[in-house]
Amino acid sequence: MSIDGGALLLCLAVSLGAALVVLLATFAVGVRTGLHRHVDTAWGLAFCAVAGTAYGLSAGHGNDGRRLLVLLLVVAWGLRLSAHIWLRGRGRGEDPRYARLLGRVPAERRSGYALRIVYLLQAGLVWLVSLPVQVAVFVPRPPGALAWTGTVLWSSGLFFEAVGDQQLRRFRADPANLGQVLDRGLWHCTRHPNYFGDFLVWWGLFLCAADTPVGWATVVSPLVMSCLLINGSGKPMLERQLRSTKPGYAAYVDRTSGFLPLPPRTGRSGIFGGSRKQPVRQER
């Protein structure tokens, strides 16, 4: 049995519309409140909207067990991420990243600039990154070895994201840690357990679609996400900010892996080197 190409093409178009609806609604909130940081909360919700749309449109085309599995994986990941980001930013002002970005243009042009550069771009990225999800729900076969391997990979990724976020939340809640860097738990072996977890999640979802030729074609999606996390708007952007605002952050960089979880290195300079001395003074 093969994927129904016509039904899949319809799903691709409607799913893009679902992502646009979420991001445009968030844009309206951003204009009304003057805070565009809400787009980060909408990121996970947009993936949930795409997954729900694809699940509904694939009824009668894909295997019900596979459809439900993929839907649950995406919704669990997306809702957790959105809830975490919303709670983290509740009561705060504009995110410095968006303040710098929008500060490049005159005030009267900022809304249009934000719409194009932030919201529409993110809607397109949601659609592109979620291609494996949209394909997987149309696969007519029950989940096989690749899909279950992907589920295990997804579970590992969710562990890194959720545990890393919880460790950081508890660390920041303790006044004794004010200004210090978290270098315990998962943060002891990688500077970005949340980004590494995201990496695993999307490669796992890709495997849920990879037991069909059309599914393999969606490898572009986890590759794009990996590039964004490692070289794009994820890790490098955050680390540039921390290096410029927090003296001593380089010491943490020297001793801790930048992405893959690895044992800390001592006695060597570079990405994994450096000695373990006093905690680095830093706000995360």
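Numbers below:
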item	result
Amide H contacts under 5 Å for GLN180, placed H, 5+ residues apart	GLN282
Cα→Cβ-extended label distance, 7 Å offset, between TYR113 and LEU68, nm	5.0
Structure-derived Cα extents along the principal axes in Å - corresponding label in [x] 70, 48, 42; [y] 61, 50, 29; [z] 77, 47, 41	[y]
Hz values of 3J(HN,Hα) by residue in the stretch 192-206 - Karplus curve (6.51, -1.76, 1.60), Gly and Pro given as x	9, x, 5, 5, 5, x, 4, 4, 5, 4, 7, 6, x, 5, 4
For the chain, with +1 on Lys and Arg beta carbons and -1 on Asp and Glu, the positive-most of LEU182, VAL139, ALA28 along the dipole	LEU182
The stretch 66-137: C-alpha gyration tensor shape, a/c 1.5 cut-off, then a/b vs b/c	oblate
Sum of side-chain charges, LEU35 neighbourhood, beta-carbon under 14 Å (Lys, Arg +1; Asp, Glu -1)	+4
Test item: Cα-centred dipole of the stretch 1-141, Lys/Arg +1 and Asp/Glu -1 on Cβ, debye	520
Max mean-square fluctuation residue, GNM over the chain, Cα-Cα springs under 10 Å, options SER226, SER155, SER111	SER111
Computed E for LEU120/PHE159 - FRET, C-beta separation, R0 35 angstrom, nearest 0.05	0.60
Neighbour-limited loop hits for trypsin sites (Lys or Arg not before Pro), the stretch 120-204 (at most 16 other Cβ within 10 Å; DSSP other than H, G, I, E, B)	ARG184
Neighbour-limited loop hits for trypsin sites (Lys or Arg not before Pro), the stretch 1-102 (at most 10 other Cβ within 10 Å; DSSP other than H, G, I, E, B)	ARG90, ARG92
Over the chain, relative contact order from alpha-carbon pairs under 8 Å, at least 6 apart, %	18
222 nm mean residue ellipticity, helices alone, for the chain (DSSP H n ≥ 4; -39,500 (n - 2.57); rounded to 500)	-20500 deg cm²/dmol
In degrees, nearest ten, helix 220-231 long axis to first principal axis of the chain (Cα)	10
Charged-residue dipole, Cβ positions (Lys, Arg, Asp, Glu), the chain about Cα centre, Debye nearest 20	1220
Karplus-derived HN-Hα couplings along the stretch 17-23 (A = 6.51, B = -1.76, C = 1.60, θ = phi - 60°), whole Hz, x at Gly and Pro	x, 5, 5, 5, 4, 5, 6
Whole-number D in µm²/s for the stretch 1-141 (Stokes-Einstein; Kirkwood sum over Cα pairs; 4 °C, 1.567 mPa s)	81
Backbone HN-Hα couplings from phi across the stretch 95-109 [Karplus 6.51/-1.76/1.60, Hz, Gly and Pro as x]	5, x, 4, 6, 4, 5, 4, 6, x, 6, 10, x, 4, 6, 9
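The numbers here are math on the coordinates, done by the rules we state, and not lab data. Since the structure is predicted, the reported quantities are computational estimates derived from the model, not experimental observations. We place every Cβ from the backbone using ideal geometry, glycine too, and count neighbours over all the protein chains shown.
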